[in-house]
Amino acid sequence: MPAPIRLRELIRTIRTARTQAEEREMIQKECAAIRSSFREEDNTYRCRNVAKLLYMHMLGYPAHFGQLECLKLIASQKFTDKRIGYLGAMLLLDERQDVHLLMTNCIKNDLNHSTQYVQGLALCTLGCMGSSEMCRDLAGEVEKLLKTSNSYLRKKAALCAVHVIRKVPELMEMFLPATKNLLSEKNHGVLHTSVVLLTEMCERSPDMLAHFRKLVPQLVRILKNLIMSGYSPEHDVSGISDPFLQVRILRLLRILGKNDDDSSEAMNDILAQVATNTETSKNVGNAILYETVLTIMDIKSESGLRVLAINILGRFLLNNDKNIRYVALTSLLKTVQTDHNAVQRHRSTIVDCLKDLDVSIKRRAMELSFALVNGNNIRGMMKELLYFLDSCDPEFKADCASGVFLAAEKYAPSKRWHIDTIMRVLTTAGSYVRDDSVPNLIQLITNSVEMHAYTVQRLYKALLDDISQQPLVQVASWCIGEYGDLLVSGQCEEEEPIQVTEDEVLDVLEGLLVSNLSTPVTRGYALTAIMKLSTRFSSVNRIKKVVSIYGSSIDVELQQRAVEYNALFKKYDHMRSALLERMPIMEKTASNGPTEIVQTNGETEPSVVEPKHPPPVTQPTNQATDLLDLLGGNDMVSVIQTTVPTKPASAGGELLDLLGDLSLSGIPPITAYNKNGLKIDFTFERANPNPNIAVITIHASNSTETDMTDFVFQAAVPKTFQLQLLSPSSNVVPALNQGTVTQVIRVLNPQKQQLRMRIKLTYTHRGSAVQDLAEVNNFPPQSWQ
Amino acid sequence: MMRFLLLFSRQGKLRLQKWFTAMTDREKKKIIREMTTIVLARQPRSCNFLQWKDLKIIYKRYASLYFCLGVENQENELLALEVIHRYVELLDKYFGNVCELDIIFNFEKAYFILDEFLMGGEIQETSKQIVNRAIESSDMLQEDDHSEWYEVELFGP
């Protein structure tokens, strides 16, 4: 058998292939030769063959039959074999193959090899693709090498340890002793990888984080030396000494300084020094500044430092380099919540970035612009954003439209402005508007009673121009169906009323039904609109004709509607006017944004950030019967929908203590229960327009020293009431009043009787289960009157 | 941490792939396809960063090769550009005025150099000299092997 061809020759040959088919043929031929060579167990050429296989693998061809060969190469004594073998293992093997475990023994031996380059290969392979089992088996060896004085091996062992910890977090403890004097190393490679290791440990374990806080002074010293030291050719990048290490130290400082006053103070000076002294003419200096800014913003830095950071970002925004502008916008987006006013100062620069040619920058600028909109700047900002909506790429239009709607809903200075803004979006980006915007807009229009005539007129005019944008057409059809009478009678006050006849309106709606541009959903809207006009217009006969035609439509949805409307005409004509009456004002549902809907007119700060209450999840109420039994009486009927908390137990610490902000409704809160350290307060709202519904929020707090877990709150009300319980924020009430569990109860009280409630509490405290019942009779009269 | 490093030509041909997390072959192929499509479609003077799913993608073109680095969200993009540049410098020192052909015909060396610079998605060594010396010494070890298949040509001064 002739010697297998050399790697470079194979590469040359394959590159001469003129077609994909020709290449495939060459590859198949070579693969066959390699396969038979493997079968012959040829030691001499195994290395060459595997290398060729790796090349073919890169071209996209299957190479799995080479996996075992890689293992044989790794086990070989020759360094060349090992080098290719380990490379092949990293490329072809992964934890999914059972075969990979066979490597473990080889790696173990190589970790103890006499040649450091072999040890290096083993560490590298383990550190890149070691599975959890391998990591468990070999962690001890890695730990040993972490303590060696050989810096070449020590740095690799450190990163290998990082990988082990990522795969098997429980093993983190065993590396702790070895980290003792890692930072006293002079070698930058070891320093860098040590900082990475420390970072990984601190990110994963709060205990480790607390333990390593004492390293802050040492880290500060190292960073200072890097900045102050003269030119060091070995680590210099454009005049800056080891920027990679500097950035990594800054990142570790960030983690150590977060939420810790002492650490933050210890690093204030060095951060200020880096921020002011770093050379910014090249990318590398800006990379360090960027990391510094992120660190300043995350720790408890003094306000002067924070202002410095935001100003650096402001300067970045004006930099010619696109990358720097992009990075500035990204960082500002992160800080806009916490340092809102500072970021507002750069608003005009940010808005200018909307006009940048670069797609990534435009996107960031758009997101940031929306975050900066408030009651004061809404008119100006909206003008810019609408202009952006007009001219931006289609990929932005959906997000921009949604953002405009949200912002308009929150900060609209007047109803007319709001409707105009919506109209502008629908007419310019109507096809990109999200599907759920249509019902939201309809709700908004319904609730703006005094604008109905104006709205329907503007929508009608828009329809005359263009019927291709479906969301616009749908909203318009709906409005014409509802308010067509206002349109025809020319009652508009806001602008010059147009003259339009009933027939013209019906022409337009019928046009929608037959047009190829209309989707089935739109046709449904149009048909229903026509039907509604039968009670508002006088040309009923025409409407009857249209409806009966569609009774035989191919579209099942249309057909069903038409048939039902037909029946309405024929058999239930007496009910028709009641059924097709004007829609009442709709209850406002929670918006999609994280902030509560507040109709502001000039408020400068966005309103209090509260987590969204998740929608109620109905579950079989077998708990309800328990409660009934316990209460013993027949006069208490509960309609309970007790739910499992849908949020992870965040102990209510993030939830702002609502007891501090009760001005929502003016109804005084009450303490419903206070026993054994558990206190439950009720606060009241009348957030929704239905006066028969009381919205009560319970706040459970715990003054004992141990947490109350598995906390479940249940309630029952008298028969004349109806109760709905939404999901609680968590089921752990943290000790020492560190947070509260909140839950929303909605009580329907149509007969306006005095509100009474029986509550049942179950929780686990100090290892034992606790259960208690109580009656709540001290509801303030305003809550049910 | 870094998740992957890809090198591909302007025609979308893959020249090097380094993955720092375990992934199926299918997933890898999909990512390669998407990266080449997205990066090759970018305008010439665009910014070098883009957001893709939950990762940041940093790419830079050197002559006919695109270097594409996928990193997690907390990484510093500007520094990632420096990482790419450092790798190019290392290749350049080793091959002497490196070009795409060098990487095609000596792909395994490109991997060896990368494995002395990065490991497990993190930077392993920040000194160019130390990386170069390690590669040179490893190459000399191969010479000692008297291995049949490998012709050692010592690169660099």
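Things worth noting here:
- Failed item in (1) outside any loop (DSSP other than H, G, I, E, B); (2) out of contact with any Phe, Trp or Tyr (no Cβ under 7 Å at 6 or more places or on another chain), with A:ASN516 passing the rest: (1)
- First in segment A:318-336 and part of a loop (DSSP other than H, G, I, E, B), second anywhere and buried (at least 24 other Cβ atoms within 10 Å of the Cβ) and aliphatic (A, V, I, L, M), Cβ under 6 Å, 6 or more apart: none
- Taken over segment A:8-23, the criterion of being over 46 Å from the mean Cα position of the chain (by Cα), in a helix (DSSP H, G or I) and either of a type in the set (S, T, N, Q) or more than 9 Å from chain B (Cβ to nearest Cβ) (or both) is satisfied by A:GLU9, A:LEU10, A:THR13, A:ILE14, A:GLU22.
- Within the set A:LEU59, A:LEU73, A:LEU53, A:LEU92, the sole residue that is surrounded by 22 or more Cβ atoms within 10 Å (Cβ to Cβ), within 10 Å of another protein chain (Cβ to nearest Cβ) and closer than 22 Å to B:LEU16 by Cβ turns out to be A:LEU92.
- Given (1) at the interface with another protein chain (Cβ under 10 Å from one of its Cβ atoms); (2) of a type in the set (Ser, Thr, Tyr); (3) buried (at least 22 other Cβ atoms within 10 Å of the Cβ), index of the condition B:TYR59 fails: (1)
- Some residue of segment A:201-208 being outside any loop (DSSP other than H, G, I, E, B) and either within 12 Å of chain B (Cβ to nearest Cβ) or in contact with a Cys (Cβ under 7 Å, 6 or more places away or on another chain) (or both): yes
- When A:THR276, A:THR349 are checked against the criterion of being more than 25 Å from the chain's Cα centre (by Cα), of a type in the set (S, T, N, Q) and closer than 26 Å to B:GLU82 by Cα, a single residue qualifies: A:THR276.
- Residue match in segment A:677-698 (condition: in contact with a Ser or Thr (Cβ under 6 Å, 6 or more places away or on another chain), of a type in the set (Lys, Arg) and not in a loop (DSSP other than H, G, I, E, B)): yes
- Test: residue in segment A:546-554 that is among the β-branched types (Val, Ile, Thr), within 20 Å of A:GLU510 (Cβ to Cβ) and touching a residue at least 40 places away in the same chain (Cβ under 8 Å): yes
- Check on A:SER727, within 21 Å of A:PRO669 (Cα to Cα) and in the same structural domain as A:ASN692 (by the TED database): yes
- One residue stands out among those in segment A:160-208 that are of a type in the set (S, T, N, Q) and surrounded by fewer than 24 Cβ atoms within 10 Å (Cβ to Cβ): the one that is farthest from A:GLY257 (Cα to Cα), which is A:ASN187.
- Filter pass, A:SER534 being surrounded by fewer than 18 Cβ atoms within 10 Å (Cβ to Cβ) and more than 38 Å from the chain's Cα centre (by Cα): no
- Failed item, numbered, when A:GLN337 is tested on (1) at pLDDT 90 or above; (2) over 30 Å from A:ALA453 (Cβ atoms): (1)
- Filtered by the rule that a residue be surrounded by fewer than 19 Cβ atoms within 10 Å (Cβ to Cβ), charged (D, E, K, R) and part of a helix (DSSP H, G or I), segment A:24-50 gives A:ARG24, A:GLU25, A:LYS29, A:ARG35, A:ARG39.
- Matching residues, segment A:150-169, being among the basic types (Lys, Arg) and at the interface with chain B (Cβ under 7 Å from one of its Cβ atoms): A:LYS155, A:LYS156
- Note on segment A:312-329: residues that are closer than 22 Å to A:GLY257 by Cα and modelled with pLDDT under 90 total 0.
- Which numbered condition A:LEU271 fails, given (1) of a type outside the set (Lys, Arg); (2) more than 12 Å from every other protein chain (Cβ to nearest Cβ); (3) farther than 21 Å from A:VAL327 by Cβ: (3)
- All positions within segment A:115-134 that are out of contact with any strand residue (DSSP E or B) (no Cβ under 8 Å at 6 or more places or on another chain), part of a helix (DSSP H, G or I) and among the small types (Gly, Ala, Ser): A:GLY120, A:ALA122, A:SER132
- The residues of segment B:8-24 that are within 11 Å of chain A (Cβ to nearest Cβ) and exposed (fewer than 14 other Cβ atoms within 10 Å of the Cβ) amount to a single one, B:THR24.
- When A:LEU215 is tested against (1) away from every other protein chain (no Cβ under 14 Å); (2) without any contact (Cβ under 8 Å) to a residue 40 or more places away in the chain, exactly one condition is not met: (2).
- When residues of segment B:49-101 are limited to those that are aromatic (Phe, Trp, Tyr) and part of a strand (DSSP E or B), the one nearest to A:LYS362 (Cα to Cα): B:PHE49
- When B:LEU65 is tested against (1) within 12 Å of chain A (Cβ to nearest Cβ); (2) buried (at least 16 other Cβ atoms within 10 Å of the Cβ); (3) within 15 Å of the chain's Cα centre (by Cα), exactly one condition is not met: (1).
- Test set (1) in a loop (DSSP other than H, G, I, E, B); (2) touching a residue at least 40 places away in the same chain (Cβ under 8 Å); (3) out of contact with any Phe, Trp or Tyr (no Cβ under 7 Å at 6 or more places or on another chain) - A:GLN491 fails condition number: (2)
- Any hit, segment A:243-266, residues being within 11 Å of another protein chain (Cβ to nearest Cβ), farther than 30 Å from A:ASP207 by Cβ, touching a Phe, Trp or Tyr at 6+ places or on another chain (Cβ under 6 Å) and not small (Gly, Ala, Ser): no
- Those residues of segment B:107-133 which are on the phi < 0 side of the Ramachandran plot, more than 7 Å from chain A (Cβ to nearest Cβ) and not aromatic (Phe, Trp, Tyr), in sequence order: B:LYS109, B:ALA110, B:ILE113, B:LEU114, B:GLU116, B:LEU118, B:LYS128, B:VAL131, B:ASN132, B:ARG133
- Among the residues of segment A:345-391, those that are away from every other protein chain (no Cβ under 14 Å), surrounded by 16 or more Cβ atoms within 10 Å (Cβ to Cβ) and charged (D, E, K, R) comprise A:ARG347, A:GLU384.
The values are calculated or read from the model by the stated rules, or taken from the named source; none is laboratory data. Computed from a prediction, not measured in an experiment: that's the story for all the values here. Note: ideal-geometry Cβ built from the backbone for every residue, glycine included; neighbour counts use all protein chains shown.
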